[in-house]
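For reference, the structure is listed below as structure tokens.
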Amino acid sequence: MRKPKIFYGWIVVAVTFFILLASASTRSTPSILIVPLQKEFGWSRAVISAPIAVNIFLYGLLGPFAAAMYERFGLRRMVCGALLCMGLGVILSTIIKEPWQMMICWGGIVGAGTGTAAAVMGATIANRWFVRHSGLVMGILTASTATGQLLFLPALASLGADYGWRFSAYAVAGGSFLMLIPAALLLRDYPSDMGLPRYGETTVTPRIKQAVNPAKRAIASLLTGLRSRDFWILAGSFFICGATTNGLVGTHLVPACIDHGIPEVRAAGLLAIMGFFDLIGTSGSGWLTDRLDSRKLLAWYYGLRGLSLFFLPYAFDIKFYGLSVFAVFYGLDWIATVPPTVRLAANAFGRENAAIMFGWIFVAHQLGAGLAAWLAGLIRTVSGDYFNAFVSAGALCLFAAVMVMFIPKAPQTRHRPEPHPTAEPI
């Protein structure tokens with residue numbers, strides 16, 4: 001047979017990139033709905049932030065279970081279900097009248113959908129399809145989750161300003177439904193299903209059929225992680241990562257700009273700038289992860305992020321130019337932490353377990369993000385501004401920069417979970 005000119009894994013990467021882009025844009029939409037919902041229903045920012053916090057937490061909590069369900073039920077089937085769930089949840093949110101209804105739609109339904117099509121999907125693709133360039137692939141797919149979260153905000157904010165916030169929701173739901181087509185037609189679970197080796201290998205590796213219950217598989221991986229110092233350090237640093245990105249800046253930068261007299265559409269433009277430079281920074285981080293010590297990369301990323309958060313409260317005084325500098329600098333570092341974190345998880349627990357273990361580490365990320373989203377709204381409600389929220393987040397990043405250097409440098413697998421007796425090669 002003639003060898004294909006393009007490795008099919010790159011097609012899977014391209015489809016996954018746009019699916020994660022749609023998922024991320026769905027998660028980011030509440031940040032431009034805070035002020036419109038406050039004006040229409042009279043709800044406080046603390047009340048509106050609560051469903052957003054639940055959404056963020058579910059996005060992380062479902063990650064390890066989604067990774068196990070990918071193994072048990074198939075990646076394509078699970079991702080199509082997630083896209084359908086996201087679209088339906090967003091559509092239902094346009095008819096809400098009470099805070100508990102927003103909690104069900106955005107917190108529950110949308111949170112479940114985005115949690116299934118989450119960052120663990122990128123980790124699954126990178127480790128299933130690639131040996132060579134796995135860090136680069138992880139960087140590209142990670143960049144899509146952050147870029148999608150930020151890039152479409154100006155258009156959605158403009159649409160909401162011209163026609164109302166519900167039209168922004170309709171656009172987001174349409175994107176989720178649209179991505180069902182390439183997901184159903186082009187996604188494949190394993191390269192061995194097509195008779196292909198992983199990129200960088202010469203022999204086809206038979207995939208393992210997991211007969212074990214996905215929940216049991218995920219819980220067993222968690223128990224393995226809880227006995228490992230590596231896991232606690234990675235989860236703790238990623239808790240801080242989530243608190244200082246999705247939870248704080250991703251949720252509250254637009255309302256903070258409005259507090260300082262910056263129009264909503266222009267504020268959303270700052271997030272779009274961050275999204276563009278995140279695509280560069282996180283893809284570059286994946287390239288660096290294939291070549292440099294992941295611990296040192298994380299220390300630099302967290303340290304520079306902390307300094308930028310110390311600068312942010314003063315950037316508002318310089319208006320748009322100061323915030324533009326912040327957006328470029330912070331965007332390069334927005335979620336560049338993911339590729340080295342996945343690499344360290346693979347080093348500690350084995351490549352075949354990297355997605356599930358990263359899923360549990362990502363739970364800590366989203367727990368930090370959800371807590372920060374709620375606390376920042378509470379701080380704004382009590383004190384009248386976000387100064388204390390930004391400065392405390394900067395201090396946490398400096399702490400994380402020191403924390404990650406305590407991970408052992410040795411690259412070999414140190415905490416491999418025991419294989420389940422019902423697992424067998426196909």
* Asked: Could you name the aspartates and glutamates in cross-link range of Lys97, using Cα to Cα under 16 Å and dropping any fewer than eight places away on the same chain?
  -> Glu40
* Structure fact -> If the chain between Arg266 and Ser158 were fully extended at 0.36 nm per residue, the gain over the current Cα-Cα distance would be 37.9 nm
* Calculate how steeply helix 75-93 sits against the longest principal axis of the alpha-carbon atoms of the chain, using the helix alpha-carbon long axis, and give the answer as 0 to 90 degrees to the nearest 10. => 10
* To do: Would you mind computing, in nm to one decimal, how far apart the modelled labels at Ile6 and Val325 are, each placed 7 Å from Cα along Cα→Cβ?
  => 4.3
* Structure fact -> Convex hull around the C-alpha positions of the stretch 178-263: the volume in Å³ per residue is 229
* Against the longest alpha carbon principal axis of the chain, how many degrees, from 0 to 90 and to the nearest 10, is the axis of helix 153-163 turned? -> 50
* Structure fact -> The summed charge of the Pro340 Cβ neighbourhood (under 12 Å; Lys/Arg +1, Asp/Glu -1) stands at +2
* Structure fact -> If each part is reduced to its alpha-carbon centroid, the stretch 316-341 and the stretch 53-79 end up apart, in Å, by 29
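Return an integer: the convex hull volume of the alpha-carbon atoms of the stretch 45-154, in Å³ per residue. Write out the running numbers ahead of the final one.
Details: hull volume 11.8 nm³, N = 110.
Cα convex hull per residue, to the nearest whole number: 107 Å³.
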* Structure fact -> Taking every other residue with Cβ under 14 Å from the Cβ of Leu84 and scoring Lys and Arg +1, Asp and Glu -1, one gets +2
* To do: Over the chain, with every protein chain in place, what whole percent of the accessible area is carbon and sulfur at 1.4 Å, could you tell me?
  => 69
* Asked: Given labels modelled 7 Å from the Cα in the Cβ direction, how far is it in nm from Lys216 to Leu84?
  -> 2.7
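Could you check how many percent of all C-alpha pairs in the stretch 28-90 are farther apart than 18 Å? Intermediate values should be presented prior to the final figure.
Working: 976 of 1953 pairs.
When all Cα pairs of the stretch 28-90 are counted, 50 percent exceed 18 Å.
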* Asked: For the chain, what is the relative contact order in percent, using Cα pairs closer than 8 Å and at least 6 residues apart in sequence?
  -> 27
* To the nearest 10 degrees, how steeply does helix 165-178 sit against the main Cα axis of the chain, on a 0 to 90 scale? -> 10
* Report the residues of the stretch 350-377 in range of a label on Ser228: point 7 Å along Cα→C-beta, backbone N strictly under 15 Å from it. => 350-364
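Hey, what's the Cα Rg ratio for the stretch 235-380 versus the globular rule of thumb, 2.2 N^0.38 Å? Walk me through the intermediate numbers first.
On the way: Rg = 15.8 Å, N = 146, 2.2 N^0.38 = 14.6 Å.
Against the compact-globule rule of thumb, the ratio is 1.08.
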* **Heavy-atom surface of the chain, accessible at 1.4 Å and reported per residue (Å²)** => 39
* Under 14 Å Cα-Cα from Lys409, which aspartates and glutamates qualify once same-chain neighbours fewer than 8 residues away are excluded? -> Asp230, Asp293
* To do: Starting from one equal scatterer on each C-alpha and no solvent at all, send me the Debye-based log10 I(q)/I(0) for the chain at q = 0.06, 0.07 Å⁻¹, two decimals.
  => -0.22, -0.30
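Starting from the Cα gyration tensor of the stretch 296-360, multiply each eigenvalue by 5, take the square root, and state the resulting semi-axes largest first in whole Å.
They are 33, 10, 8 Å, listed from largest to smallest.
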* Calculated FRET efficiency, Leu186 and Ser383, Cβ-Cβ r, R0 45 Å, to nearest 0.05? -> 0.35
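The values are calculated or read from the model by the stated rules, or taken from the named source; none is laboratory data. The shown structure was predicted, so the numbers you read here are calculated from the model rather than taken from an experiment. Every residue, glycine as well, gets a Cβ built from its backbone with ideal geometry; the counts of neighbours run over all protein chains shown. These accessible areas exclude ligands, DNA and RNA; they are computed on the full protein's heavy atoms, side chains included. Shrake-Rupley method; radii C 1.70, N 1.55, O 1.52, S 1.80 Å.
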